[in-house]
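Following: one structure in C-alpha cells, then a few remarks.
The values are calculated or read from the model by the stated rules, or taken from the named source; none is laboratory data. What you are looking at is a predicted structure, and each value in this text was computed from that prediction instead of being measured. Counting neighbours? That spans all protein chains shown, and the Cβs are built from the backbone with ideal geometry, glycine included.
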Amino acid sequence: MNDNVTDNTSATDGSKRILLVCRHAPYGTSLARESIETALAAGALGVDITLLFINDGVWQLYNHQQVSVIAAKNHGAMLSALPLYGVERLLVDEKSLSERGIKASNLTDIAEVIDKDQVKHLLANCKVILSF
Amino acid sequence: MILEIEGKMLAIDEDGHLLKLADWSKTAACALAEQENITLDERHWEIIDLLREFHATFELSPAMRPLVNYVRSKLGGEKGRSIYLMQLFPPSPARVASKIAGLPKPENCL
Amino acid sequence: MKFTIVILGAPYSGETADTACRFAEAVIAQGHNIYRLFFYHDGVHNASSLVTLPQDEIQLPQRWQQLIDQYHLEAVVCIASALRRGVANDIEARRFGKPCGNLLEGFELAGIGELLDAAAHSDRLITFGPSS
Amino acid sequence: MILHTVNKSPYANQCLVDCLTTAATGDTIILIEDGVYGATAGPLFDKSLPQLSELDIKLYVLRPDFEARGLHLGQSVLHFSLVDDHRFVELVLEADKVLSWY
C-alpha cells in the first residue's frame, strides 16, 4: 500500500476530486458491491470521494432490502456505513428515480437527491471518474 | 491451527481468527485475547460489544476510522479516540479487537 | 502523460481484456507511460496462470504478461476480488489453506488503495467495463 | 470535457441512451465492442437524436471492433468517424477525463 495516498489526496483544492459513478443495481452483479468497497477503502484511507448514484445504481439506496436466502450481504446495510467511514457526499440522480417510479422517501436517508443540471456540474468539475 | 478452550477445540487461521464465527463465545473471546496478551476487563467488553453491534448493523468488520467514529457516537469523545482503543487493543485496534470479537477478518485489503 | 487502465472483464467471457490490452499497447507505442494496470471485478481472471487454450488463439494473460515484462508495468490485481474468484499467489493460498497459488508472474495482489492512488496520480484513468 | 465510452449494443442495453442523456455539450462519445452497433442507428437509437443534434457531441466508432462485425457506415443518420486504437488514445488525451458506460 502506498503511504502517500492519504497525503496527496487530502488536498482541499478539489483538483484531485474523485467521482465514483455507480450505475448498477445491487445483487445481480458484484459491481455495486465492488463500487461500495472502493468507497469504503477511500473513507478508511482518508481519500476525498463523491458518489453519484445514477440509472440502475439508484436501486442500491432503496429502502428495506431484506437479504435472507440469497447468497449476498445486505447492500443497503453496507452502504449505510459510509458516513462512519467519512464518506459523506452521496448524491442521487433525480431523473433516474422518477424514471423508475422511486420516491425520495423510498431511499435510505444518507443520500441527497440532485437534478440534471447538478449532475452535469458534478461530472464537469471532478478530476477523475471511476465508472462502476 | 486449533485453540483449545475448556476442552473444546476451535479452529483458527494462522492470523488467529476463528474459522467459524459461530464458535465465538465470551470464553472464546478471552482465549483469543490471551493470544494477543490482552486480559479482558469491562473496558474491553464495552468495545467488543460495540464491534459485534457494528457488524450486525453494517455487515462489515470496521477499519480504524469508522471504528473510532462509531465508538465516539455511542460512548462519547473520551473513548472515541484512536489512542484509547490503541491502549486497549494494541498494536492495531480494528484488527485485534475484531478478531477477539469474533468478526470476520477485514478483507478491505487496506 | 501517465495513464491508468482499469480492467473489469475476464478474458474470453467478453472482449474487455482484448480491448484494454490493445489500448495499453497503443498508449505505449505513442510514447506515453502507464502508471498502473488495475485488475478488478472479473478482470482478476486475466492474472490466472491456469488459463489454457488452443495454440491458434491469443493467450490474453500471456499477452498482458509480455507487456508487463517488456515495459516494466505495474500490474495490480485487487486482492479481495481475486481471492473471491479463485486467483491467489502462493502466500495467500497458503494463508487460506488452499493447495496452490495461480497468480501469473508479473502481476501483484494489493488493495483498492492502489486504485485510489492511481486515480490521484495519473493524468488519465480509463475503465474497461465487462462486456457481458 | 468528457470522453464517454460505450461498449454495449443499444438494442440490448440502455447504456448508450443513458450516456446520451447525460453527455454535455462539447463531450465526445466513442463506441467500442458491441457498442459499435449503435452506429447502425435503427429506430431505437433515433429516439435520442433530436437532443443529440442540439448538443454538439462528436461521435466516434472503434474501427477494429466495427469492421470485425461486418458493419459499414452510411446507414446512420448521425455522423460517426471511424478511429483506430491510436486515435482512441488521442481522444482520451483530448478529453479531461473518461466516463465508461457498460
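Here is a yes/no grid of residues against (1) part of a strand (DSSP E or B); (2) under 24 Å from C:L50 (Cβ atoms):
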| site | (1), (2) |
| --- | --- |
| C:A93 | no, yes |
| C:G97 | no, yes |
| C:L115 | no, no |
| C:A119 | no, no |
| C:I126 | yes, no |
| C:P130 | no, yes |
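Can you work out which of the residues in segment C:3-44 that are at the interface with chain D (Cβ under 9 Å from one of its Cβ atoms) and polar (S, T, N, Q) is farthest from C:I112 (Cα to Cα)?
Out of the qualifying residues, it is C:Q30.
Out of segment C:1-52, which residues are touching a Cys at 6+ places or on another chain (Cβ under 7 Å) and either hydroxyl-bearing (S, T, Y) or more than 17 Å from C:L73 (Cα to Cα) (or both)?
C:Y40 - this is the single residue of segment C:1-52 that is touching a Cys at 6+ places or on another chain (Cβ under 7 Å) and either hydroxyl-bearing (S, T, Y) or more than 17 Å from C:L73 (Cα to Cα) (or both).
Please determine, by comparing only the residues of segment D:60-81 that are in contact with a Phe, Trp or Tyr (Cβ under 7 Å, 6 or more places away or on another chain) and either surrounded by fewer than 17 Cβ atoms within 10 Å (Cβ to Cβ) or of a type in the set (D, E, K, R) (or both), which one is farthest from the other protein chains (Cβ to nearest Cβ).
The selected residue is D:L73.
Answer yes if at least one residue in segment A:62-85 is of a type in the set (F, W, Y), away from chain B (no Cβ under 14 Å) and surrounded by fewer than 24 Cβ atoms within 10 Å (Cβ to Cβ), and no otherwise.
yes
Do the conditions hold for C:L37, that is, is it under 14 Å from C:A20 (Cβ atoms) and crowded, with 24+ Cβ neighbours inside 10 Å?
yes
Only one of these is more than 14 Å from every other protein chain (Cβ to nearest Cβ), surrounded by 14 or more Cβ atoms within 10 Å (Cβ to Cβ) and out of contact with any Ser or Thr (no Cβ under 9 Å at 6 or more places or on another chain): B:L32, B:L60. Name it.
That would be B:L32, the only listed residue that is more than 14 Å from every other protein chain (Cβ to nearest Cβ), surrounded by 14 or more Cβ atoms within 10 Å (Cβ to Cβ) and out of contact with any Ser or Thr (no Cβ under 9 Å at 6 or more places or on another chain).
Yes/no per residue for (1) in contact with a Leu (Cβ under 6 Å, 6 or more places away or on another chain); (2) closer than 11 Å to B:A101 by Cα; (3) aromatic (F, W, Y):
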{"residue": "B:I2", "(1), (2), (3)": "no, no, no"}
{"residue": "B:G7", "(1), (2), (3)": "no, no, no"}
{"residue": "B:H17", "(1), (2), (3)": "no, yes, no"}
{"residue": "B:D41", "(1), (2), (3)": "no, no, no"}
{"residue": "B:P66", "(1), (2), (3)": "yes, no, no"}
{"residue": "B:R81", "(1), (2), (3)": "no, no, no"}
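Would you mind stating whether C:Q30 is of a type in the set (S, T, N, Q) and at pLDDT below 95?
no
State which residue pairs qualify: first residue closer than 12 Å to B:L75 by Cα and inside segment B:41-54, second residue of a type in the set (D, E, K, R) in any location, beta carbons under 7 Å apart, and separation of 6 or more residues or different chains.
Matching pairs, first to second residue: B:L50/B:K74.
Condition first: surrounded by fewer than 16 Cβ atoms within 10 Å (Cβ to Cβ) and hydrophobic (A, V, I, L, M, F, W, C). Now tell me which residues in segment B:35-48 satisfy that.
B:W45
Could you tell me which residue of segment B:63-74 is farthest from the other protein chains (Cβ to nearest Cβ), considering only residues that are among the charged types (D, E, K, R) and without any contact (Cβ under 8 Å) to a residue 12 or more places away in the chain?
Of everything passing the filter in segment B:63-74, B:R72 is farthest from the other protein chains (Cβ to nearest Cβ).
Within segment C:80-132, how many residues are within 11 Å of another protein chain (Cβ to nearest Cβ) and on the phi > 0 side of the Ramachandran plot?
Of the residues in segment C:80-132, 1 are within 11 Å of another protein chain (Cβ to nearest Cβ) and on the phi > 0 side of the Ramachandran plot.
Please work out if C:L67 is within 19 Å of C:V51 (Cα to Cα) and more than 7 Å from every other protein chain (Cβ to nearest Cβ).
Details: within 19 Å of C:V51 (Cα to Cα): yes; more than 7 Å from every other protein chain (Cβ to nearest Cβ): yes.
Here the answer is yes, as C:L67 does meet what is asked.
Which one of these does C:T4 not meet: (1) assigned to a helix (DSSP H, G or I); (2) buried (at least 24 other Cβ atoms within 10 Å of the Cβ)?
All conditions are met except number (1).
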